Amino acid sequence: MGRVVIVGYRPKAGKREALRRLIVDHVATLRSEGLVTDRRPITMEAEDGTIIEVFEWKSKEAMSSAHTNPVVLEMWAQYERVCDYVPVADVPEAVRLFSEFVPIEVR
């Protein structure tokens, strides 16, 4: 059974554009490794530059196997250089009844 996740990526100082470049291929890379479903991700940007992404892993097992997949580990290392992972609750828009974000087009 699939597992939908919501994740926040807050860019480090001066790394906003680098993060935006990485996010474009994030789910496509996971898909090429057989880890996520064909469900189209929803990717958006908060006012503070945090990128919020909603996507679906194929299963809990797929999520676990990502932690030993060399392609995914290299991708995550690139993310660690440009952003911090943050709980969505830390994004100011998240407390609003109707949270608004700017859409980001991904592949």
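Here are the numbers for this structure:
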| read-out | value |
| --- | --- |
| Percent accessible area from carbon and sulfur atoms, the chain, protein chains only, probe 1.4 Å | 55 |
| Aspartates and glutamates whose Cα lies under 16 Å from that of LYS12, excluding same-chain neighbours fewer than 8 positions away | GLU45, GLU47, ASP48, GLU80, ASP84, ASP90 |
| Structure-derived Cα Rg over 2.2 N^0.38 Å - corresponding label in (i) 1.04; (ii) 1.13; (iii) 0.98 | (i) |
| Distance between segment 89-104 and segment 1-69 - C-alpha centres, whole angstrom | 17 |
| For segment 7-107: accessible area per residue (Å², 1.4 Å) | 59 |
| Charge tally in the Cβ shell below 9 Å around ASP84, where Lys, Arg are +1 and Asp, Glu are -1, ASP84 excluded | +1 |
| Taking the chain and dividing mean pair separation by its residue count, relative contact order in percent (alpha carbons under 8 Å, at least six apart) | 42 |
| Total formal charge among the other residues, if their Cβ is under 15 angstrom from that of GLU56, Lys/Arg +1 and Asp/Glu -1 | +2 |
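The values are calculated or read from the model by the stated rules, or taken from the named source; none is laboratory data. This is a predicted model, so every value here is computed, not measured. Every residue, glycine as well, gets a Cβ built from its backbone with ideal geometry; the counts of neighbours run over all protein chains shown. Ligands, DNA and RNA are stripped out before the accessible areas are found, and what is left, the full protein with its side chains, is counted by its heavy atoms. Shrake-Rupley method; radii C 1.70, N 1.55, O 1.52, S 1.80 Å.
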